[in-house]
1. Mind checking Rg over Rh on the chain, alpha carbons, Kirkwood formula for Rh?
2. Using Cα-Cα distances under 8 Å and only pairs 6 or more residues apart, what relative contact order does the chain have, in percent?
3. Could you state how much accessible area E37 has, in square angstrom rounded to the nearest 10, with a 1.4 Å probe and all protein chains kept in place?
4. Roughly how many Å² is the accessible area per residue of the chain, as a whole number, for a 1.4 Å probe?
5. Just by accessible area at a 1.4 angstrom probe, what is the order of V21, V44 from largest to smallest?
6. Per the 1.4 Å probe, what fraction of the accessible area of the chain, in percent, lies on carbon and sulfur atoms?
Amino acid sequence: MITTVYCSFCGKEEADGDHAVCRQRLSVIDPPRYCGECARRMVVQVTPDGWTARCSRHGEIGSAR
């Protein structure tokens, strides 16, 4: 079984080009917008304390501040 991995920032397959800018944005300020497992657009909530991002299939992740 081949597992496809998607960029959490732009939603494209990781194998489709360089995602260095995407990784930099995710590490500095922006929460992920797409699920890394299925590329579905996530529901993102940003608060002064951090952020949460929820995929309808794979659940919720959050910033650990």
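The values are calculated or read from the model by the stated rules, or taken from the named source; none is laboratory data. Since the structure is predicted, the reported quantities are computational estimates derived from the model, not experimental observations. We work out accessible area using only protein heavy atoms, side chains counted, and drop any ligands, DNA or RNA first. Shrake-Rupley method; radii C 1.70, N 1.55, O 1.52, S 1.80 Å.
1. Details: Rg = 11.9 Å, Rh = 12.2 Å.
Taking Rg over the Kirkwood Rh, I get 0.98.
2. Working: 105 pairs, mean separation 16.8, N = 65.
Over the chain, the number comes to 26 percent.
3. Rounded to the nearest 10, the figure is 120 Å².
4. Values: 4850 Å² over 65 residues.
Spelled out: the 1.4 Å probe surface of the chain, per residue, equals 75 Å².
5. Working: V21 100, V44 40 Å².
So the residues, ranked largest to smallest area, are V21, V44.
6. Values: 2380 of 4850 Å².
In the chain, the share of accessible area belonging to carbon and sulfur is 49 percent.
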